[in-house]
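Heads up: the structure comes next, in structure tokens.
Since every read-out is calculated from the coordinates, none of them should be taken as a lab result. These numbers were taken from a predicted model, which means no experiment stands behind them. Note: ideal-geometry Cβ built from the backbone for every residue, glycine included; neighbour counts use all protein chains shown.
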Amino acid sequence: MLTVLLVAAAAPFLTPDGWGTVRIGMTEAQVAKALGAKLDGEALDDECTCVEKAAAAYPDMWFLFEGGKLSRISIGEKSRITTPRGIGIGATADQVRKSYPGGLMAEPHYYLPFVGVDPDWQGRGLGAALMRPILDRCDHERMAAYLEASSPRNRMLYERHGFAVTEEFFLGPGSPPLWRMWRAPR
């Protein structure tokens, strides 16, 4: 039988944005500073593309850097790290269901990772023109869409096209806000 590992209340939680003071999007130096530990590891591709690092002080934890930025935190089977609701490695399906009664599966959707227009060409409807075909497809397929807005101007553009803010978040202390946005099919 699998059981949940209990941790002290002061332990950092693993969330989609990071772990403790470590946040997705940080550089290797920022992660090392946040951990107060040196990171060691090998390049999985070339040093600028994909590197997996670990800190001796945090066994069973790995930090994946892509393009110089933290993109994923992995934990091993002996890890005592949990989500804010206490779910960690070894949790049973019943324990997960009880802690997350709404479920963990996201509604099927399209993820729009990048929409960009050169600043010299902004304000001419090009952003809307770039989004229109995929939003038409979403509507035709009755599929939702998800994206992150990286500036207030982008957020307003996406809101004009039916996206609503679901969460404001920060990649690190002092970073500008970002917004998770969702659009239901029309």
Scoring segment 132-186 by relative contact order with C-alpha pairs under 8 Å, at least six apart, yields a percentage of 43 percent
Checked segment 109-183 against the a/c 1.5 cut and the a/b vs b/c comparison, axes a ≥ b ≥ c from its Cα gyration tensor; verdict oblate
Most exposed to least, judged by fewest other Cβ atoms within 10 Å, Ile75, Ile134 sort to Ile134, Ile75
Other residues with Cβ under 11 Å from the Cβ of Val31 give, with Lys and Arg +1 and Asp and Glu -1, a net charge of +4
Simple spin-label estimate for Ala144/Ala57, 7 Å along Cα→Cβ, in nm, reads 3.9 nm
Loop-resident trypsin sites (Lys or Arg not before Pro) in segment 118-172 with no more than 10 other Cβ atoms inside 10 Å, DSSP not H/G/I/E/B, are Arg124, Arg142
